[in-house]
Amino acid sequence: MVRDGAQRADSQKPGMATLIEEDYDYTRLRRGEVLKAVILAIGENDMVVDLGTKRDGIVPPRDLELLDDAYRAGLEVGDRVPVVVLKTWGRRDGILVSVNKGLQQQDWLRAQELLESKEILEAEVSRFNRGGVIVPFGRLRGFVPNSHLTSVPRGVRGKRLREIKSGLVGQTLPLVVIEVNQRRQRLVLSERIAADRRREQLLQELTEGEVRTGIVRNLVDFGAFVDLGGMDGLIHISELDWKHVNHPREVLSVGDEVEVYVLNVDRERERIGLSRKRLLPDPWHRVIGKLNEGDVVEGAVTGVAEFGVFVDVGEGVEGLVHNSEIPRQYKGKRSDTDQYKGKRSDAGRREASSDLKRGSAVTVRVLGIDEWQRRIALRLEDVVG
């Protein structure tokens, strides 16, 4: 009986060894483990992958349905894909794995890397809720709280808050990751911190003399504010064009893309001075090349000062008609007080050219040209209109 039992035991040894090997094979993988797998076969409803173990991995139909159509269509036999082990038992044909969860795991790892590196990323707002807006992050959903949206002023609530967030849907925002909690499925991002970092980076990167492209964000009486990609710089009205500009709207509009020259960078005060005209052809030499002392030319008054008037003699090049070169008939009258005193006061001198207005058409004579200091001296011959 013993001998027969021993024989029976011996006959069962290969089967036991196989079971032991198979059991060992199962214990090598654990539920939730992430690994790279190679695609062996792609069926209509499932996919078989090589896990590097005795049994292959099976990707079920439901998991394939969760994949992006473009990603799924691009899969081929031999491709390496990330998978998460779902079940190591219960199926004889293989080990149940998920490609979708594997891709999500990669996104969590990327989010953690961005949290540590503080790198700025961009994402499009897909929808909003009471607390903020939702943005896709790979196969995850990121959340940007109201307090971390730059377009939401502090204290705004109710209908106005919903309108602002509704307007953000479809827009792309610069963001930084500020919290990653995979266990609680929390991925939080901030637009405000991203804006601060962009401003810091821009201030450090900008150098005087370089050329940048920006977007006109605002026009004011004294110039134009241009967004350089995280921070606005100012083009003073005097740096908009070589010709005289009365208001920035004459040469620019909000939303225009404009190329600018960096004049100065004040990192301490966080101010950037820009110029548009430095990148435009300078008409000075072309205009004075046609002028000679004694020439009489037509021009237009561009400015009136205490000491005289400025006249455009062509292509925005200005010359000065000093008060002493303005004929008496075009000068303002003395006040009664001045006549009583028998002299002209400072106020009288300020009114000396009051009959000449900005835009007045005039005829002037060229008295002199100083190429070094870029000055043209003129005499007023006649006021045309």
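Here is how the numbers come out for the structure above:
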quantity	calculated
Hits in segment 246-261 - residues which are over 13 Å from D232 (Cβ atoms) and surrounded by 18 or more Cβ atoms within 10 Å (Cβ to Cβ)	P248, V251, L252, Y261
Options L252, L274: the member that is without any contact (Cβ under 8 Å) to a residue 40 or more places away in the chain, of a type outside the set (G, A, S), farther than 24 Å from E381 by Cβ and not in a helix (DSSP H, G or I)	L252
Residue count for segment 225-245, restricted to those that are within 16 Å of the chain's Cα centre (by Cα), assigned to a strand (DSSP E or B) and crowded, with 17+ Cβ neighbours inside 10 Å	4
Tabulated pairs, segment 163-178, first in the same structural domain as G142 (by TED's automatic domain parsing) and closer than 10 Å to R127 by Cα, second part of a loop (DSSP other than H, G, I, E, B) and hydrophobic (A, V, I, L, M, F, W, C), C-beta under 9 angstrom, 6+ apart or interchain	K165/V125; K165/L149; K165/V152; L168/V125; L168/L149; L168/V152; V169/V125; G170/V125
Residue in segment 104-126 that is exposed (fewer than 13 other Cβ atoms within 10 Å of the Cβ), assigned by TED's automatic domain parsing to the domain that holds R162, under 27 Å from L161 (Cβ atoms) and small (G, A, S) present	no
Segment 160-211, residues that are surrounded by 15 or more Cβ atoms within 10 Å (Cβ to Cβ) and among the basic types (K, R)	K165, R192, R197, R198, R199
Residue that is among the β-branched types (V, I, T), more than 21 Å from F137 (Cα to Cα), in a loop (DSSP other than H, G, I, E, B) and at pLDDT 85 or above, where the choices are V77, V38	V77
Of all residues in segment 82-103 being modelled with pLDDT of 85 or more and among the small types (G, A, S), the one that is nearest to D46 (Cα to Cα)	S98
Pairs, first on the phi > 0 side of the Ramachandran plot in segment 184-212, second in a strand (DSSP E or B), C-beta under 8 Å, six or more apart	G209/Y261; G209/V262
Breaking point among (1) within 15 Å of R212 (Cα to Cα); (2) in a loop (DSSP other than H, G, I, E, B); (3) charged (D, E, K, R), for R269	(1)
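Residue-wise test of (1) modelled with pLDDT of 90 or more; (2) basic (K, R).
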site: H247; (1), (2): yes, no
site: G255; (1), (2): yes, no
site: Y261; (1), (2): yes, no
site: R271; (1), (2): yes, yes
site: H285; (1), (2): no, no
site: G303; (1), (2): no, no
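The values are calculated or read from the model by the stated rules, or taken from the named source; none is laboratory data. These figures come from a predicted structure and were not determined experimentally. Neighbour counts are summed over all protein chains in view; Cβ atoms, including those assigned to glycine, are modelled from backbone coordinates with ideal geometry.
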